[in-house]
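Heads up, the thing below is written out as structure tokens.
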Amino acid sequence: IAYFAFQLIKRYSIQFNDEAVKSALVDADPLNIALQNSQSIYTNGSSKKTRFSANFKLINPDNIGDTEYAAKSKPFINVENMLAKTEIAHKRHQEILRDICSYLVANSIEPYESSSVDLMFSLENIVKIIEIKSANIENIYSQIASGTIQLGFYANSLSEEFNKIETLLVIDKINDVSYMLNALSALDYYRIPYLIYDADKTAKDRFSGLF
């Protein structure tokens with residue numbers, strides 16, 4: 001993914017720092033992130049490291065704020081525009097998380113988080129792990145891919161601590177519904193549970209499938 005993005009930028013940009021762009025694209029590549037996570041979680045096939053955090057803490061929805069996104073300081077073409085988009089995505093992520101947590105608390109369910117896992121709760125002896133992804137038409141495919149891989153890593157890492165684990169990918173609805181459904185078709189094929197977050201729906205319809 002990083003290679004194709006680099007070639008596209010190079011085609012339309014006259015001057016830019018090749019090495020800086022390559023480095024930034026590799027850091028943002030969801031496949032590269034997944035590989036780094038797998039290497040940090042497993043060493044010699046079994047030994048778990050501390051990069052994955054299972055140190056869960058209770059979430060208070062009122063304390064979920066639109067915190068400023070902490071981006072890596074690296075030179076990049078159109079860096080201000082890139083960071084602005086990242087900040088918007090981060091705020092959207094927090095809005096969705098706050099909404100879900102408020103719904104859980106209203107239904108007497110305690111939401112938890114760790115530095116790795118967006119959201120976790122337990123219901124009828126089943127541990128539910130949720131990954132939240134904001135999305136737009138430009139990144140819907142990469143967001144679905146990275147979210148699915150993350151959930152797989154989290155569930156596998158927690159499998160020794162909990163008897164029954166279920167995962168759910170919460171993906172923000174984009175305007176082009178047909179394009180989004182096409183992107184989600186792979187999840188349908190492999191029967192991977194997901195929830196399309198639509199803020200315009202009532203809470204009952206918005207969170208249908210959460211449990």
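The values are calculated or read from the model by the stated rules, or taken from the named source; none is laboratory data. Values in this document were obtained by computation on a predicted structure and should not be read as measured data. Methodologically, a virtual Cβ is constructed for each residue, glycine included, from the backbone with ideal geometry; neighbour enumeration extends over all protein chains shown. Each accessible area value is taken on the protein alone, full model and side chains, heavy atoms only, with ligands, DNA and RNA left out. Shrake-Rupley method; radii C 1.70, N 1.55, O 1.52, S 1.80 Å.
Odds and ends about this structure:
- Any hit, the range 101-115, residues being assigned to a strand (DSSP E or B) and touching a residue at least 12 places away in the same chain (Cβ under 8 Å): yes
- Checking each residue in the range 143-178 for being polar (S, T, N, Q) and crowded, with 18+ Cβ neighbours inside 10 Å picks out 143, 146, 148, 150, 157, 167.
- Flag for residue 176 being modelled with pLDDT under 95 and more than 26 Å from residue 53 (Cα to Cα): yes
- When residue 203 is tested against (1) of a type in the set (A, V, I, L, M); (2) touching a strand residue (DSSP E or B) at 6+ places or on another chain (Cβ under 7 Å); (3) within 18 Å of residue 59 (Cβ to Cβ), exactly one condition is not met: (2).
Residues checked against (1) farther than 14 Å from residue 57 by Cβ; (2) at pLDDT 95 or above:
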site: 100; (1), (2): yes, yes
site: 103; (1), (2): yes, yes
site: 107; (1), (2): yes, yes
site: 111; (1), (2): no, yes
site: 114; (1), (2): no, no
site: 117; (1), (2): no, yes
site: 128; (1), (2): yes, yes
site: 131; (1), (2): yes, yes
site: 137; (1), (2): yes, no
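- Condition met for residue 185 (open to solvent by less than 40 Å² (accessible area, probe 1.4 Å) and over 20 Å from residue 211 (Cβ atoms)): no
- The strands (runs of 3 or more DSSP E) found wholly in the range 117-211 and carrying at least 2 residues that are β-branched (Val, Ile, Thr) occupy 126-133, 165-172.
- Of all residues in the range 93-121 being of a type in the set (Gly, Ala, Ser) and more than 20 Å from the chain's Cα centre (by Cα), the one that is farthest from residue 136 (Cα to Cα): 108
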